[in-house]
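K.L.:
Before we start, here is the structure in question, set down as structure tokens.
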Amino acid sequence: YVAAVYEHESILSPAPAALVERRSALELMGRNLDVYEQQVLAAARQGAQIIVFPEDGIHGFNFTRSSIYPYLDFVPHSHSGKWNPCREPYLFNDTEVVQRLSCMALKNKIFLVANLGTKQPCERTDPRCPSDGRYQFNTNVAFAADGTLLATYRKHNLYFECAFDTPPQPDYAFFDTPFAGKFGMFTCFDILFFEPAVNLIRQYNLKQIVYPTAWMNQLPLLSAVEFQQAFATAFNVNILAANIHHPSLGMTGSGIYTPVKSFIYHNMESYGGKLIVAEIPVISTDYRTNLEKTPGRVSEKGKDQSPPSFYAEMMYDNFTFVPVWGEKGELQVCANTLCCYLNYQRAVLTDELYALGVFDGLHTVHGTYYVQACALVKCGGLSFSTCGQEVTDATALIDFQLWGNMSTPYIFPLLLTSGITLDFADHMGWKNNHYFLSKNRTSSGLLTAALYGRWYEKD
């Protein structure tokens, strides 16, 4: 099928904390919707059957609970699929944004997914009802090609969004299409958690995901395109991921991903939006990971000669590292119950420092979640203290096999190359209770090769 995602440089309110009238909120959102309208038309002309827009793309961000109120639409949260906002605009009040989105879908005969703020009045008798008498949700909406509202999803894992409420139960949102079957739907930070993302995919055996996001890149392990690709690979799904475009805030990175190929956009240099249109296969059967190449075991000899380990902070976590010296070798490094192993060979020795790092613990900055990670990373400089820094360029071509005795089945294989480009492993999967990833000759200099495990039960 042909899919489109749009990375949108949203027009932001100059003073998001200021209280404004609904009229001026609609005026600002209308300017973003004008851009959406052009992009839906452009996508439809290229044969797209579905288009996805980013999180916060219509209203922006940095609101307070009260200042976002004029920007909120009312959207009934039901799975009836009976309301067509374009054709029945007078059914509910405060639905101007939803109406416009519905009409874009209808006019261009395209499935459309977008993110907006919604409100829902609640009763004083409801113990969860906020003191102002309403719920405010960060909401995705999905429309059919005739403009019908098919599904809504209210973001569950909020990322410091004081303007919004967490829904009482996780939404498991999906909708059906004639061209690719069911699509599941979740938002941004949700991708790192079991509920509802993983549970949704497992419960309903979903193979296609739409994913609006407003993601701030964090190298070396959580760059948007890097993690989106890893998620598609780990769960054997297609992902249509639309990010916001604000390079000054570290926000870029969208794509259309299959488990074995990706069409991505990552641009920290220039401004303006970007439409990606790609034809991808519908996933019906499971790809089988090729497990012929079995990793060897680190020989005792290799262990004796392991270089000194050191500690350095990577993404706010205290990693234990060993330097990757020389043109080839075998290394191991352990922390808690996790041991990581690396066999490597460099094509040419460059004056770049690489290190093999391990972390097995609770990550506690900007969210709390348990991580088990084995990571081969390029350091920021030549001293140990630079390992774990954000690096975007590399020249070293390294053949490697990386494996670890992970305690969780949820492993995200990361493979990031120079200039924030993606590569694909030759082989990966489970072997003798170890997860491994191997690659001969990356397409360009290696930035990160990692096994990023999420141990959800220990969150």
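K.L.:
Per residue, how much accessible area does segment 330-459 show when a 1.4 Å probe rolls over the protein heavy atoms, in square angstrom? Intermediate values should be presented prior to the final figure.
P.N.:
On the way: 4550 Å² over 130 residues.
Normalised by residue count, the accessible surface of segment 330-459 is 35 Å².
K.L.:
Return one whole number: the accessible area per residue of segment 107-222 in Å², for a 1.4 Å probe. Present the calculation step by step, with values, prior to reporting the outcome.
P.N.:
Details: 4110 Å² over 116 residues.
Each residue of segment 107-222 exposes 35 Å² on average to a 1.4 Å probe.
K.L.:
Place a point 7 Å from the Cα of Arg134 along the Cα-to-Cβ direction; which residues of segment 41-81 have their backbone N under 11 Å from it?
P.N.:
From segment 41-81, the list is 66-75.
K.L.:
Carbon and sulfur together cover what percent of the accessible area of segment 2-279 at a 1.4 Å probe radius?
P.N.:
Working: 5370 of 10250 Å².
In segment 2-279, the share of accessible area belonging to carbon and sulfur is 52 percent.
K.L.:
With both partners inside segment 2-279, how many of the DSSP beta bridges are antiparallel, as a percent to the nearest 5?
P.N.:
Values: 36 of 53 bridges.
Bridges in segment 2-279 are about 70 percent antiparallel.
K.L.:
Something else now. For the chain, what does the relative contact order come out to in percent, with C-alpha contacts under 8 Å and a separation of six or more?
P.N.:
Numbers: 1176 pairs, mean separation 56.9, N = 459.
Answer for the chain is 12 percent.
K.L.:
Which entries in Lys107/Lys274; Lys155/Lys274; Lys274/Lys458 show an alpha-carbon gap greater than 31 Å? Intermediate values should be presented prior to the final figure.
P.N.:
Values: Lys107/Lys274 22 Å; Lys155/Lys274 24 Å; Lys274/Lys458 38 Å.
As for pairs spanning more than 31 Å Cα to Cα, those are Lys274/Lys458.
K.L.:
Could you give the distance between the Cα centres of segment 413-454 and segment 79-119, to the whole Å?
P.N.:
About 41 Å separates the Cα centre of segment 413-454 from the one of segment 79-119.
K.L.:
If you don't mind, another one. What distance in nm separates the simple spin-label points at Asp34 and Leu382, each placed 7 Å from Cα in the Cβ direction?
P.N.:
Inter-label distance under the simple model: 5.5 nm.
K.L.:
Compute all pairwise cysteine Cβ distances in the chain, then list the cysteines with no distance under 4.7 Å to another cysteine.
P.N.:
Cys162, Cys188
K.L.:
I've got another one for you. Please identify the GluC sites (Glu not before Pro) of segment 327-424 that satisfy two criteria: DSSP loop assignment and at most 14 other Cβ atoms within 10 Å. Which are they?
P.N.:
Of the GluC sites (Glu not before Pro), the ones in loops of segment 327-424 whose Cβ has at most 14 other Cβ atoms within 10 Å are Glu327, Glu390.
K.L.:
Pulled fully out, how much extra length does the chain show between Phe74 and Tyr204, if you take 0.36 nm times their separation in residues and subtract their Cα-Cα distance? Working shown, then result.
P.N.:
Values: separation 130, 0.36 × 130 = 46.80 nm, distance 2.79 nm.
Answer, rounded to one decimal: 44.0 nm.
K.L.:
Using 0.36 nm times the number of residues separating Ser306 and Thr125, minus their current alpha carbon distance, what extension gain do you get? It would help to have the intermediate numbers written out before the result.
P.N.:
On the way: separation 181, 0.36 × 181 = 65.16 nm, distance 6.39 nm.
Here the segment from Ser306 to Thr125 would lengthen by 58.8 nm.
K.L.:
Set the Förster distance to 56 Å, then compute FRET efficiency between Ser407 and Arg45 from the Cβ-Cβ distance, nearest 0.05.
P.N.:
On the way: r = 50 Å, r/R0 = 0.88.
Working from the Cβ atoms, E equals 0.70.
K.L.:
Another question, if that's okay. Given R₀ = 22 Å, what would the calculated FRET efficiency be for Lys182 paired with Tyr456, taking r from the Cβ atoms and rounding to 0.05? Walk me through the numbers before you get to the answer.
P.N.:
Numbers: r = 23 Å, r/R0 = 1.05.
With a Förster radius of 22 Å, E is 0.40.
K.L.:
Quick one: compute a quarter of the convex hull surface over the Cα atoms of segment 2-279 and quote it in nm². Kindly include the intermediate steps, with their values, before the conclusion.
P.N.:
Numbers: hull surface 55.3 nm².
Orientation-averaged projected area of the Cα hull: 13.8 nm².
K.L.:
State the percentage of accessible surface on segment 310-458 attributable to carbon and sulfur atoms; use a 1.4 Å probe and exclude ligands, DNA and RNA.
P.N.:
Working: 2670 of 5490 Å².
With neighbouring chains kept in place, the figure for segment 310-458 is 49 percent.
K.L.:
Here is a further query. Multiply the residue separation of Asp426 and Leu12 by 0.36 nm, subtract the distance between their alpha-carbon atoms, and state the gained length in nm to one decimal. List each step's numbers first, then the result.
P.N.:
Working: separation 414, 0.36 × 414 = 149.04 nm, distance 4.27 nm.
Fully extending the segment from Asp426 to Leu12 adds 144.8 nm.
The values are calculated or read from the model by the stated rules, or taken from the named source; none is laboratory data. This one's a predicted model, so the numbers in the text were calculated from it and none came from an experiment. Ideal geometry is used to build each Cβ from the backbone, glycine not excepted, and the neighbour counts take in all protein chains shown. All accessible areas refer to the heavy atoms of the entire protein, side chains included, with ligands and DNA or RNA removed. Shrake-Rupley method; radii C 1.70, N 1.55, O 1.52, S 1.80 Å.
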